[in-house]
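Enquirer: Dropping the structure in here first, questions after.
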């Protein structure tokens, strides 16, 4: 117990001290995961809406596929992206392996199916309510998908958050494609894993505390935005 | 419109079966009047018939024929509003038809004024009362200047005051030359609004009669009983 409390005290001291190394790690974590989430939303939300509203061959298979991919293990995604980006891989010429870009790519692959599958569920509910009205007004299916994405914008903030939560918390994918290089690709989760294995618990715990605080803050913010939006738009 | 008016809508042996249940069965009729009300008890298939006419449902038998191409709109029992202002909701339909922004705004504002709610333009539509939302829905349909307007029990979930307003608006839309096809189970409403009545029961049309005649001397025992019970 005293280990933990001692470490916690050190952790808070580290955070309060605003150590540069720590700040860099936190910042990179946020950059990589926010970047990946934004790209995943740009891809996954239209995709999810079309899966809900569209009528095309293979739609059901795609729905099952994306639902399944929600549970994609990060290490496997890391491995696949590693193979893709490694020198001998199809995208090897760009030299992206062990860069933050590679980490964004890996997390995007991880998060896009989650965003797509959750968006489909949200738009399914919307479509049930608006379908006849939109068809009566003459909206094509792609147009209806666009309209409903905008109409569901507040529910979709929760979807985006689920994606972000997955990205910022995973360690397997960024570890493999980033390599956990000090000062270059080291993020919160990989540092926690490394420092814990080295026995340096204060830094690991400090990062753990920050990680939790970041996730809680962002969720609380989104919750408040949603509450406000529901009061305003109904 | 007189008796010699050309039919503008023809139903030919129209039927709809869903999961083995016949919802609408073998309906053949012509609509040539300006204001047609579809009457019948709950579950008679009125809403389904309206949706088949409007093209929201595909018939499993027969067909809906439009001898002349007429533009259509529909107002539903429960108004469905986008999370946007009343004005934006009305403009949305015009946007889908490619009306330029300035004309869109002008027509939407005019429609909102005609339903008596000009002050709601910048209000969030889903924050408006049920009666207001239904009138916004009417404005949304009216702004499209349809040649045919379908209405599915538009006053069924409204209070008496809102119902009267909605009836007034429907009458005005009809007087401006739009053909009306509307379902209701409200006899008084049918009497006030209709030129002719289509009486539906268990998915079948039992009669199609001019409104005076329908209420004075219905042709079928079922319609007679329906009118008697409704009083």
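Read the figures in this text as sums done on the coordinates, not as results from a lab. Note that the coordinates shown come from a computational prediction; the quantities given were computed from them, not determined experimentally. We place every Cβ from the backbone using ideal geometry, glycine too, and count neighbours over all the protein chains shown.
Enquirer: Ignoring everything except DSSP H segments at least 4 long, calculate the 222 nm mean residue ellipticity for the protein assembly as shown; use -39,500 (n - 2.57) per segment, divide by total residues, nearest 500. Display every interim value, and only then the final one.
Expert: On the way: 18 runs with 277 residues, N = 465.
Rounded to the nearest 500, it is -19500 deg cm²/dmol.
Enquirer: If I model a spin label as a point 7 Å beyond the Cα along the Cα-Cβ vector, how far apart are those points for residue B:202 and residue B:22 in nm?
Expert: It is 0.9 nm.
Enquirer: Could you work out how far helix B:160-175 tilts from the main Cα principal axis of chain B, as a 0 to 90 degree angle to the nearest 10?
Expert: Helix B:160-175 and the main axis of chain B meet at about 90 degrees.
Enquirer: When a/c is below 1.5 the answer is rounded, else prolate if a/b is larger than b/c, else oblate, so apply that to chain A with a ≥ b ≥ c taken from the square roots of the Cα gyration tensor eigenvalues.
Expert: On the way: a/c = 2.90, a/b = 1.60, b/c = 1.82.
Verdict is oblate for chain A.
Enquirer: Going by how many other beta carbons lie within 10 Å of each one, how would you line up A:164, B:215, fewest first?
Expert: Details: A:164 27, B:215 16.
Ranked by crowding around the Cβ, least crowded first: B:215, A:164.
Enquirer: Taking only Cα atoms, what is the 0 to 90° angle, nearest 10, from helix A:141-151's long axis to the longest principal axis of chain A?
Expert: Helix A:141-151 sits roughly 50 degrees off the main axis of chain A.
Enquirer: Also: Using only Cα atoms, find the angle between the long axis of helix A:201-233 and the longest principal axis of chain A, and express it within 0 to 90 degrees, rounded to the nearest 10.
Expert: 20
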